[in-house]
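The values are calculated or read from the model by the stated rules, or taken from the named source; none is laboratory data. Quick caveat: nothing in here was measured; it's all calculated off a predicted structure. We place every Cβ from the backbone using ideal geometry, glycine too, and count neighbours over all the protein chains shown. Note: accessible area is taken over every heavy atom of the protein model, side chains too, but ligands, DNA and RNA are not part of it. Shrake-Rupley method; radii C 1.70, N 1.55, O 1.52, S 1.80 Å.
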Amino acid sequence: MSDDHTHVQEFFTARAADWDRRFPDDGPAYAAAVAELGLRDGGRVLDAGCGTGRALLALRAAVGRSGVVLGADLTPAMLREAARAGRDRDGALLLTDVAALPLRSSSLDAVFAAGLIAHLPQPGENLRELRRVVRPGGVLALFHPVGRAALAARQGRRLTPDDLRAEPNLRALLTGAGWRMTSYVDEDTRFLALAVRDA
């Protein structure tokens, strides 16, 4: 396991048991972001870096009982919390690295990724792997329940021009990974970038 993976696992393992209590009001923001994916009944979707599975209920509602919902995370402690909260009833939980997903190419309609991009060791390559598992025309949602400035303030840091989620940087990163950004919202109450996989 790389040092990047070890660091991510240590960070989230230390916070897993208390994660949902720290952010109890994020549910509506997750549901609103999921709605923008445009999923249909019977769809197939992955929550990449699902953590405690806070998006799984909204994803299940979007694709119905006949759809497929997967939640993938690198940290066992986060998946245990997801199961403890009963979220494994809304989606199958996979302990895996989003850099090497155990999924067939073009097998999904969409990927939802909340707070993931800042934790990717090789964002360009990792976004290409997410593209691999999505069908042409499928959608990627990069989401955070607070915007860039609010998150930086929460973390005690300043925004800089090289911020990965700044619109020009993210657009270039997505384009290089085979995605076409279709919308970008960065407000105090949410961050949401949507992209489509071209053929």
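The set of residues in segment 12-36 being assigned to a helix (DSSP H, G or I) and not aliphatic (A, V, I, L, M) consists of PHE12, THR13, ARG15, ASP18, TRP19, ASP20, ARG21, ARG22, GLY27, PRO28, TYR30. When THR75, THR96 are checked against the criterion of being polar (S, T, N, Q) and in contact with a Pro (Cβ under 7 Å, 6 or more places away or on another chain), a single residue qualifies: THR96. Here ALA153 does not qualify as more than 16 Å from the chain's Cα centre (by Cα), assigned to a helix (DSSP H, G or I), of a type in the set (Gly, Ala, Ser) and over 27 Å from GLY27 (Cβ atoms). Cβ-Cβ distances below 8 Å connect the following pairs, each with a first residue in segment 101-122 that is within 16 Å of PHE191 (Cα to Cα), a second residue that is among the aliphatic types (A, V, I, L, M) and at pLDDT below 90, and a separation of six or more residues or different chains: HIS119/VAL8. When ALA31 is tested against (1) open to solvent by less than 30 Å² (accessible area, probe 1.4 Å); (2) out of contact with any Phe, Trp or Tyr (no Cβ under 9 Å at 6 or more places or on another chain); (3) in contact (Cβ under 8 Å) with a residue 12 or more places away in the chain; (4) closer than 22 Å to PRO145 by Cα, exactly one condition is not met: (1). Per the listing GLY49, GLY67, the residue uniquely at positive phi and either modelled with pLDDT of 95 or more or touching a His at 6+ places or on another chain (Cβ under 9 Å) (or both) is GLY49.
The residues listed here are GLY138, GLY176; of these, the one that is crowded, with 19+ Cβ neighbours inside 10 Å and at pLDDT 95 or above is GLY138. Counting the residues of segment 56-73 that are buried (at least 22 other Cβ atoms within 10 Å of the Cβ) and out of contact with any Lys or Arg (no Cβ under 9 Å at 6 or more places or on another chain) gives 4.
Residues that are open to solvent by 80 Å² or more (accessible area, probe 1.4 Å) and among the polar types (S, T, N, Q) within segment 179-199 comprise just one, THR189.
Exactly one residue among ARG128, ARG165 is surrounded by 15 or more Cβ atoms within 10 Å (Cβ to Cβ), assigned to a helix (DSSP H, G or I) and at pLDDT 90 or above, and that residue is ARG128. Being out of contact with any Ser or Thr (no Cβ under 6 Å at 6 or more places or on another chain), open to solvent by less than 50 Å² (accessible area, probe 1.4 Å) and at pLDDT below 95 is the requirement here; does VAL98 meet it? The answer is yes for VAL98.
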